[in-house]
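First the structure, in the form of C-alpha coordinates, and then the observations on it.
The values are calculated or read from the model by the stated rules, or taken from the named source; none is laboratory data. Remember, predicted model here, so these are calculated numbers, not experimental data. As a convention, Cβ positions derive from the backbone with ideal geometry for all residues, glycine included, and neighbour counts pool all protein chains shown. Accessible surface is based on the protein model in full, side chains and every heavy atom, while ligands, DNA and RNA are left aside. Shrake-Rupley method; radii C 1.70, N 1.55, O 1.52, S 1.80 Å.
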Amino acid sequence: KQEVTQIPAALSVPEGENLVLNCSFTDSAIYNLQWFRQDPGKGLTSLLLIQSSQREQTSGRLNASLDKSSGRSTLYIAASQPGDSATYLCAVPMEYGNKLVFGAGTILRVKS
Amino acid sequence: GAGVSQSPSNKVTEKGKDVELRCDPISGHTALYWYRQSLGQGLEFLIYFQGNSAPDKSGLPSDRFSAERTGGSVSTLTIQRTQQEDSAVYLCASSDPNQPQHFGDGTRLSIL
(Lines give C-alpha, C1' and ligand atoms only; values in the text may rest on other atoms or scores of the structure.)
Protein backbone atom coordinates (compact mmCIF):
# COMPACT_ATOMS: atom_id res chain seq x y z
CA LYS A 1 0.00 0.00 0.00
CA GLN A 2 1.40 3.35 -1.06
CA GLU A 3 2.02 5.82 1.77
CA VAL A 4 3.14 9.42 1.33
CA THR A 5 4.85 11.44 4.06
CA GLN A 6 5.61 15.14 4.04
CA ILE A 7 8.16 16.93 6.20
CA PRO A 8 7.97 19.40 7.85
CA ALA A 9 4.31 19.56 8.84
CA ALA A 10 4.57 23.32 9.19
CA LEU A 11 7.14 25.93 8.31
CA SER A 12 7.39 29.65 9.06
CA VAL A 13 10.05 31.72 7.29
CA PRO A 14 10.82 35.41 6.68
CA GLU A 15 10.18 36.81 3.24
CA GLY A 16 13.02 36.28 0.78
CA GLU A 17 14.27 32.97 2.11
CA ASN A 18 14.80 29.94 -0.09
CA LEU A 19 13.10 26.84 1.29
CA VAL A 20 12.71 23.12 0.67
CA LEU A 21 9.67 20.96 1.27
CA ASN A 22 10.13 17.20 1.42
CA CYS A 23 7.95 14.33 0.26
CA SER A 24 8.64 10.61 0.55
CA PHE A 25 6.68 7.61 -0.74
CA THR A 26 6.94 3.93 0.10
CA ASP A 27 6.32 2.31 -3.30
CA SER A 28 8.79 3.54 -5.93
CA ALA A 29 6.80 2.10 -8.85
CA ILE A 30 5.08 5.40 -9.59
CA TYR A 31 4.07 6.89 -12.94
CA ASN A 32 4.41 10.49 -11.84
CA LEU A 33 4.40 12.77 -8.82
CA GLN A 34 2.39 15.93 -8.49
CA TRP A 35 2.81 18.94 -6.21
CA PHE A 36 -0.25 21.01 -5.31
CA ARG A 37 -0.98 24.20 -3.44
CA GLN A 38 -4.14 24.68 -1.37
CA ASP A 39 -5.31 28.03 -0.07
CA PRO A 40 -7.80 28.15 2.85
CA GLY A 41 -11.32 27.27 1.74
CA LYS A 42 -10.18 26.51 -1.78
CA GLY A 43 -9.49 23.47 -3.91
CA LEU A 44 -6.07 22.32 -5.01
CA THR A 45 -3.97 24.11 -7.62
CA SER A 46 -1.53 21.96 -9.55
CA LEU A 47 1.99 23.39 -9.37
CA LEU A 48 4.20 20.79 -11.02
CA LEU A 49 3.89 17.25 -12.35
CA ILE A 50 7.03 15.16 -12.74
CA GLN A 51 6.80 12.06 -14.92
CA SER A 52 8.62 8.97 -13.66
CA SER A 53 11.23 9.34 -16.41
CA GLN A 54 12.09 12.89 -15.35
CA ARG A 55 14.41 14.12 -12.61
CA GLU A 56 13.00 17.60 -12.15
CA GLN A 57 10.53 20.21 -13.31
CA THR A 58 10.70 23.98 -12.99
CA SER A 59 8.06 26.67 -13.04
CA GLY A 60 9.11 30.21 -12.17
CA ARG A 61 10.48 30.22 -8.63
CA LEU A 62 9.47 26.60 -8.08
CA ASN A 63 11.64 23.58 -8.76
CA ALA A 64 10.58 20.01 -8.00
CA SER A 65 12.95 17.06 -8.09
CA LEU A 66 12.21 13.35 -8.11
CA ASP A 67 14.39 10.42 -7.01
CA LYS A 68 12.30 7.33 -7.64
CA SER A 69 14.83 4.84 -6.38
CA SER A 70 14.96 6.46 -2.95
CA GLY A 71 11.26 7.32 -2.91
CA ARG A 72 11.75 11.04 -2.46
CA SER A 73 10.77 14.36 -3.98
CA THR A 74 11.59 17.90 -2.96
CA LEU A 75 9.89 21.17 -3.79
CA TYR A 76 12.27 24.11 -3.77
CA ILE A 77 10.82 27.62 -3.50
CA ALA A 78 13.22 30.44 -4.26
CA ALA A 79 12.96 33.94 -2.82
CA SER A 80 9.77 33.20 -0.89
CA GLN A 81 6.98 35.81 -0.75
CA PRO A 82 3.99 36.27 1.60
CA GLY A 83 1.75 35.20 -1.28
CA ASP A 84 3.40 31.77 -1.16
CA SER A 85 1.71 31.14 2.19
CA ALA A 86 -0.51 28.07 1.73
CA THR A 87 -0.59 24.33 2.31
CA TYR A 88 1.59 22.34 -0.09
CA LEU A 89 0.64 18.77 -0.89
CA CYS A 90 2.42 16.07 -2.83
CA ALA A 91 0.61 13.13 -4.37
CA VAL A 92 1.41 9.99 -6.34
CA PRO A 93 -0.94 7.76 -8.34
CA MET A 94 -1.97 4.44 -6.86
CA GLU A 95 -1.64 3.01 -10.32
CA TYR A 96 -1.85 4.13 -13.93
CA GLY A 97 -5.45 5.14 -13.35
CA ASN A 98 -4.08 8.17 -11.56
CA LYS A 99 -6.06 7.80 -8.35
CA LEU A 100 -3.87 9.91 -6.12
CA VAL A 101 -2.50 9.16 -2.68
CA PHE A 102 -1.77 12.41 -0.85
CA GLY A 103 0.61 13.38 1.88
CA ALA A 104 -0.73 15.29 4.86
CA GLY A 105 0.78 18.52 3.55
CA THR A 106 3.18 21.20 4.73
CA ILE A 107 1.62 24.42 6.01
CA LEU A 108 3.87 27.28 4.88
CA ARG A 109 3.78 30.77 6.29
CA VAL A 110 6.00 33.46 4.79
CA LYS A 111 6.24 36.51 7.00
CA SER A 112 6.65 40.00 5.55
CA GLY B 1 -11.01 28.64 -19.95
CA ALA B 2 -13.49 27.32 -17.41
CA GLY B 3 -12.15 25.13 -14.65
CA VAL B 4 -13.81 22.39 -12.64
CA SER B 5 -17.05 23.65 -11.14
CA GLN B 6 -18.69 22.17 -8.05
CA SER B 7 -22.07 22.92 -6.50
CA PRO B 8 -23.23 23.71 -3.96
CA SER B 9 -20.18 25.32 -2.37
CA ASN B 10 -21.65 24.71 1.08
CA LYS B 11 -24.32 22.29 2.28
CA VAL B 12 -25.75 21.94 5.76
CA THR B 13 -28.19 19.13 6.38
CA GLU B 14 -29.65 17.06 9.17
CA LYS B 15 -28.42 13.60 10.01
CA GLY B 16 -30.32 10.95 8.08
CA LYS B 17 -31.05 13.11 5.03
CA ASP B 18 -29.77 12.34 1.53
CA VAL B 19 -27.49 14.82 -0.27
CA GLU B 20 -26.36 15.24 -3.86
CA LEU B 21 -23.13 16.97 -4.83
CA ARG B 22 -22.46 18.04 -8.40
CA CYS B 23 -19.27 18.31 -10.43
CA ASP B 24 -18.82 19.88 -13.88
CA PRO B 25 -15.38 18.82 -15.17
CA ILE B 26 -13.20 20.66 -17.65
CA SER B 27 -14.63 20.12 -21.12
CA GLY B 28 -12.92 17.25 -22.93
CA HIS B 29 -11.29 15.67 -19.89
CA THR B 30 -11.89 11.93 -19.98
CA ALA B 31 -11.12 11.23 -16.33
CA LEU B 32 -13.10 12.45 -13.31
CA TYR B 33 -12.29 11.83 -9.65
CA TRP B 34 -13.98 12.41 -6.32
CA TYR B 35 -11.94 12.88 -3.15
CA ARG B 36 -12.86 13.69 0.44
CA GLN B 37 -10.87 15.97 2.74
CA SER B 38 -11.61 15.79 6.44
CA LEU B 39 -9.80 16.80 9.60
CA GLY B 40 -7.55 14.04 10.81
CA GLN B 41 -7.95 11.99 7.62
CA GLY B 42 -6.38 14.23 5.01
CA LEU B 43 -7.33 13.78 1.37
CA GLU B 44 -8.68 10.37 0.42
CA PHE B 45 -9.78 8.95 -2.90
CA LEU B 46 -13.46 7.99 -3.29
CA ILE B 47 -14.29 7.08 -6.91
CA TYR B 48 -12.83 7.43 -10.40
CA PHE B 49 -14.45 7.54 -13.85
CA GLN B 50 -12.42 7.04 -17.04
CA GLY B 51 -14.22 7.39 -20.35
CA ASN B 52 -16.86 4.72 -20.85
CA SER B 53 -15.19 2.20 -18.55
CA ALA B 54 -16.84 0.95 -15.39
CA PRO B 55 -16.01 3.33 -12.52
CA ASP B 56 -13.46 2.42 -9.87
CA LYS B 57 -15.46 2.57 -6.63
CA SER B 58 -12.75 1.13 -4.42
CA GLY B 59 -12.50 4.24 -2.24
CA LEU B 60 -16.17 4.59 -1.31
CA PRO B 61 -16.40 4.20 2.49
CA SER B 62 -19.83 2.53 2.60
CA ASP B 63 -22.80 1.54 0.45
CA ARG B 64 -24.47 4.82 1.42
CA PHE B 65 -22.14 6.50 -1.08
CA SER B 66 -22.70 6.32 -4.84
CA ALA B 67 -21.78 8.36 -7.88
CA GLU B 68 -22.67 8.55 -11.53
CA ARG B 69 -21.33 10.36 -14.53
CA THR B 70 -23.84 11.11 -17.26
CA GLY B 71 -22.78 11.45 -20.88
CA GLY B 72 -19.12 11.35 -19.93
CA SER B 73 -19.35 14.83 -18.44
CA VAL B 74 -21.23 15.96 -15.32
CA SER B 75 -20.97 13.79 -12.22
CA THR B 76 -23.15 13.54 -9.12
CA LEU B 77 -22.00 12.12 -5.79
CA THR B 78 -24.90 10.96 -3.62
CA ILE B 79 -24.72 10.24 0.08
CA GLN B 80 -27.78 8.51 1.55
CA ARG B 81 -28.83 8.61 5.20
CA THR B 82 -26.03 11.01 6.09
CA GLN B 83 -24.08 10.56 9.30
CA GLN B 84 -22.05 13.12 11.23
CA GLU B 85 -18.81 11.45 10.18
CA ASP B 86 -19.71 12.32 6.57
CA SER B 87 -18.96 15.98 7.34
CA ALA B 88 -16.01 16.97 5.15
CA VAL B 89 -15.02 18.85 2.03
CA TYR B 90 -15.79 16.85 -1.10
CA LEU B 91 -13.44 17.66 -3.96
CA CYS B 92 -13.83 16.80 -7.63
CA ALA B 93 -11.00 16.72 -10.16
CA SER B 94 -10.68 16.02 -13.87
CA SER B 95 -7.80 15.27 -16.19
CA ASP B 96 -6.58 13.59 -19.32
CA PRO B 97 -4.74 10.29 -18.62
CA ASN B 98 -1.39 10.74 -16.85
CA GLN B 99 -1.77 14.50 -16.95
CA PRO B 100 -2.17 16.92 -14.02
CA GLN B 101 -5.47 16.70 -12.19
CA HIS B 102 -7.40 19.95 -11.98
CA PHE B 103 -9.53 20.44 -8.89
CA GLY B 104 -12.70 22.36 -8.14
CA ASP B 105 -13.10 24.42 -4.97
CA GLY B 106 -15.10 21.64 -3.32
CA THR B 107 -18.39 21.30 -1.47
CA ARG B 108 -18.18 21.80 2.30
CA LEU B 109 -20.70 19.38 3.80
CA SER B 110 -21.85 19.75 7.38
CA ILE B 111 -24.12 17.18 9.00
CA LEU B 112 -25.98 18.42 12.07
GNM on chain B, Cα springs under 10 Å; top mean-square fluctuation among B:Ala54, B:Ala88, B:Ala67 goes to B:Ala54
Chain B, Gaussian network, Cα under 10 Å: of B:Gly51, B:Gly42, B:Gly16, the residue fluctuating most is B:Gly42
The answer for region A:54-112, accessible area per residue at 1.4 Å probe in Å², is 45 Å²
Taking a crude spin-label model, label points 7 Å out from Cα along the C-beta direction, the B:Thr70 to A:Gln54 distance in nm is 3.7 nm
Checking B:Gln41, B:Gln83, B:Gln101 against a Gaussian network model of chain B (alpha-carbon springs below 10 Å), the top fluctuating residue turns out to be B:Gln41
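Beyond 23 Å, what share of the Cα-Cα pairs of region B:1-90 is found? Please give it as a whole percent. Walk me through the numbers on the way to the answer.
Values: 827 of 4005 pairs.
Tail of the P(r) past 23 Å holds 21 percent of the pairs.
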Applying the gyration tensor rule to the Cα atoms of chain A (axes a ≥ b ≥ c; rounded if a/c under 1.5, else prolate if a/b exceeds b/c, else oblate), the class is prolate
Taking Lys and Arg as +1 and Asp and Glu as -1, residues besides B:Tyr48 with C-beta under 11 Å from its C-beta add up to +1
Restricted to the protein assembly as shown, the DSSP antiparallel beta bridge percent, nearest 5, is 90 percent
Pseudo-spin-label distance A:Ser69 to A:Asn18, built 7 Å along Cα→Cβ, given in nm, is 2.5 nm
Restricting to Cα pairs under 8 Å and 6 or more apart, the percent relative contact order of chain A works out to 37 percent
Share of accessible surface on carbon and sulfur in region B:9-112, whole %, 1.4 Å probe and ligands ignored, is 42 percent
The whole-number value in µm²/s of the Stokes-Einstein translational diffusion coefficient for the protein assembly as shown, with Rh from the Kirkwood sum over alpha carbon pairs at 25 °C and 0.890 mPa s, is 136 µm²/s
